[in-house]
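Enquirer: Quick one: structure below, then a few questions.
Every number here is computed from the coordinates shown, using simple stated rules; none is lab data. Source: prediction; values computed, not measured. No Cβ is skipped: glycine too gets one built from the backbone with ideal geometry, and neighbour counts run over all protein chains shown.
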Amino acid sequence: MRDIRQSPICTIYRQRLQPGSLEPQPTATIIVTAANELLRSVHERTPVILPTEDYTQRLDPNYKDPGSQQSCYSRISQIP
């Protein structure tokens, strides 16, 4: 099993207005996928781990190309 102590998980973060509030509230969603064989006995889903080759692009707070999300999602099914 590979070492994942410092592997960031894929999330969607945004701010939205809650009903009756004028202040935007931060929200986050963890992106999950089917668990691999090792984890399946614990739970059927597992967080998607951000691929190493996407670290620089995805962790840049100024990066805003939503179309590039497809490259990350297309690799999700290939994660062992």
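Enquirer: Which distance in nm do the two modelled labels at Ala34 and Arg14 give, with both placed 7 Å along the Cα-to-Cβ direction?
Expert: In this crude spin-label approximation the distance works out to 2.8 nm.
Enquirer: Tell me, what ³J(HN,Hα) does each residue in the stretch 17-34 have, in order and in whole Hz, if you take phi through Karplus 6.51 cos²θ - 1.76 cosθ + 1.60 with θ = phi - 60° and put x for Gly and Pro?
Expert: 7, 7, x, x, 10, 9, 9, x, 10, x, 9, 9, 10, 8, 7, 10, 9, 4
Enquirer: Using amide H atoms built 1.01 Å from N in the peptide plane, name the residues 5+ places from Thr33, or on other chains, whose amide H lies under 5 Å from its own.
Expert: Result for Thr33 returns Thr46, Val48.
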